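Take a look at the structure below.
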Ligand SMILES: [Zn+2]
């Protein structure tokens, strides 16, 4: 599992609202999740260095944001034309443009 450090850096700083949204309704605080993210940034994304507790936080909140982001589809209602997931290489752009679309939905507008 190779963490995209640039993407993680974005999520921990400029894109922190994505973390806040993910944490909403859970007992974790955004700053706890950002803390784990910052730790990873300081350690080249080496998850082996996380404590058991940090790892739980990582798996629950950061991993889905880094590796498993659902495509909302062209109309934003989940009607994805691809496989329902945004390709990892498109994630930085998707987050930045606030357009959570996979490559297929991006290229075939409704
Ligand atoms: Zn899609």
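The values are calculated or read from the model by the stated rules, or taken from the named source; none is laboratory data. Note that the structure is predicted; figures quoted are calculated from it, not measured. Neighbour counts run over all protein chains shown; Cβ positions are idealised from the backbone, glycine included.
Assuming residue 66 fulfils every condition listed in (1) within 16 Å of the ligand (Cβ to nearest atom); (2) in contact (Cβ under 8 Å) with a residue 60 or more places away in the chain apart from one, which condition is it?
Of the numbered conditions (1) within 16 Å of the ligand (Cβ to nearest atom); (2) in contact (Cβ under 8 Å) with a residue 60 or more places away in the chain, the odd one out for residue 66 is (1).
Within the range 48-70, restricting attention to residues that are buried (at least 17 other Cβ atoms within 10 Å of the Cβ) and under 17 Å from the mean Cα position of the chain (by Cα), which residue is nearest to residue 24 (Cα to Cα)? Break it down into steps so the answer makes sense when it comes.
Going residue by residue through the range 48-70, those that are buried (at least 17 other Cβ atoms within 10 Å of the Cβ) are 50, 54, 57-58, 61-62, 65-66, 69.
When the remaining residues are screened for being under 17 Å from the mean Cα position of the chain (by Cα), the result is 54, 57-58, 61-62, 65-66, 69.
Values: 54: 18, 57: 14, 58: 15, 61: 11, 62: 13, 65: 14, 66: 17, 69: 16 Å.
By that ranking, first place goes to 61.
Considering only residues that are within 11 Å of the chain's Cα centre (by Cα) and in a loop (DSSP other than H, G, I, E, B), which ones fall in the range 71-96? Please lay out each step first, then the result.
First, pick out the residues of the range 71-96 that are within 11 Å of the chain's Cα centre (by Cα): 86, 88, 91-92, 94-95.
Matches in the range 71-96: 86 only.
Rundown of residues vs (1) at negative phi; (2) modelled with pLDDT under 95; (3) more than 16 Å from the ligand (Cβ to nearest atom), yes/no style:
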site	(1), (2), (3)
33	yes, no, yes
44	no, no, yes
54	yes, no, yes
83	yes, yes, no
94	yes, yes, no
